[in-house]
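Participant: Take a look at this one; I'll ask things after.
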């Protein structure tokens, strides 16, 4: 057997091997298998174990109440170092094990519904060479249920209808509109879930306004009563149905609608000055109009009569025109609603309607820069070992924080159990103080500050944790156990 010096064909450092004629390919294959079993190219992480993946994932919601909590580690870990002192779920007791490269925490009882938990892997976890995790690893997750960031379990509601219950003098070709409290699954809006009894219709849904529109395919009868029904087969995006079916009625007009629509008000008003350059233009009509007729008939003109690129939206007798870009300062613009705009009976405006406005001289000063900087911990005590039992836990922050966010998020634990403590906050020094109810000799404690601690602007703290160990009991110490 001869050894040569080049790299493997895949570029990994090593030596290629030529087997003599008396050695078959079987030995070569066996050699490769042994090499693979010993770690392949020998790239075992020499920097210690790292957390590669967690289950549940960080910030996960809707987590099952009986699910084990797992963390996959990069290196082969000493199983003895994965225990209740090094794998902690705040406020939860359970069994900790190391299986197939994963640290597994199995709660003793099901987790609470709609609750956020914080998981901590400490630097006490070490690989087979004794190298520890480089730092405590913290993540959070929320169990399923209302009130805790879990799945949406709130049913949608009907906010308004048009025509309203008991409405009279309704146009015979008026659509029926229903506004919901939240986004609806469009596929659940069908002619068997939203209908006028005995009248065929076509349904449209506007996601931006959460509005379902039912347009009769044939004119309704004059001076007739009609009943509208919305069933509880309509659901929100999470699949929650309406609590119950709802029905209401209205009565159509006794005469055909032959009156043209008119504009009741505009914004900005005619002749208005100092208008913001990012304004939208609105026209409010005296009756429902055909939204399709607004296209090319509601325009904004700049100096010289050129039309400004814009988008148009219509809802509940209000047409809104939004320019695609900011308008020029100190410039007069003219809005035009042309007579091509018509109501639902096909009656058109009697004449074009025009009004003008002038934008402001300069843009208003920009608002103060938004604070998006996360607070950090700039000092923490105690740290290390041989800590006296009378020690307080103190944390100094880089900026003022909301004291009310400390409760439940500034925690001290040992062996996976949280210890009761009093917490205070001194605003002038930006320091939080914890007085544990009782520390014990020769015990390792983990202090956890979760990212639900927030500064005055609402920015979250980065997850922070550290450990300290109290002094062993001497012969002169009183019995504390």
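The numbers here are math on the coordinates, done by the rules we state, and not lab data. Predicted model only: the values in this text are computed from it and were never measured. Every residue, glycine as well, gets a Cβ built from its backbone with ideal geometry; the counts of neighbours run over all protein chains shown.
Participant: Run the quick spin-label model on residue 421 and residue 93: label points 7 Å from Cα toward the beta carbon, then report their separation in nm to one decimal.
Facilitator: Simple spin-label model gives 2.1 nm for this pair.
Participant: Hey, any idea what Rg/Rh is for region 200-317, computing Rh the Kirkwood way over Cα pairs?
Facilitator: 1.05
Participant: List 463, 118, 441 from most exposed to least, where exposure is judged by having the fewest other Cβ atoms within 10 Å.
Facilitator: By the 10 Å Cβ count, ascending, the order reads 441, 463, 118.
Participant: Starting from the Cα-Cα distance between residue 456 and residue 108, subtract it from 0.36 nm times their residue separation and give me the gain in nm to one decimal. Walk me through the intermediate numbers first.
Facilitator: Values: separation 348, 0.36 × 348 = 125.28 nm, distance 3.75 nm.
Full-extension gain reported as 121.5 nm.
Participant: Any idea how far apart residue 318 and residue 154 come out in nm if each label point goes 7 Å out from Cα toward Cβ?
Facilitator: My value for the distance between the label points is 2.2 nm.
Participant: Could you tell me the relative contact order of region 263-359? Use alpha-carbon pairs under 8 Å, at least six residues apart, and round to a whole percent.
Facilitator: Taking the mean separation of contacting Cα pairs over the length of region 263-359, I get 35 percent.
Participant: Using the Kirkwood radius over C-alpha pairs as Rh, can you work out the diffusion coefficient of region 51-143 via Stokes-Einstein at 20 °C, viscosity 1.002 mPa s, in µm² per second?
Facilitator: Roughly 163 µm²/s, to the nearest whole number.
Participant: Measure off 7 Å from each Cα along the Cα-to-Cβ vector at residue 295 and residue 404, then give the distance between these two points in nanometres to one decimal.
Facilitator: Each label point is offset 7 Å from its Cα along the Cβ direction, giving 5.0 nm.
Participant: Using alpha carbon centroids, what distance separates region 190-234 and region 81-122, in Å?
Facilitator: Cα centroid of region 190-234 versus Cα centroid of region 81-122: 53 Å apart.
Participant: Could you rank the peptides 340-349, 229-238 by their average count of other C-beta atoms within 10 Å per residue, with the highest value first?
Facilitator: Packing proxy ranking, top to bottom: 340-349, 229-238.
Participant: Length gain on complete extension for the stretch residue 237 to residue 372, per 0.36 nm per residue less the alpha carbon to alpha carbon distance? Working shown, then result.
Facilitator: Details: separation 135, 0.36 × 135 = 48.60 nm, distance 3.10 nm.
In short, 45.5 nm is gained.
Participant: Oh, and also: Give me the extension gain from residue 474 to residue 131: residue separation times 0.36 nm, minus the current Cα-Cα distance, reported in nm with one decimal.
Facilitator: Gain on stretching residue 474 to residue 131: 120.4 nm.
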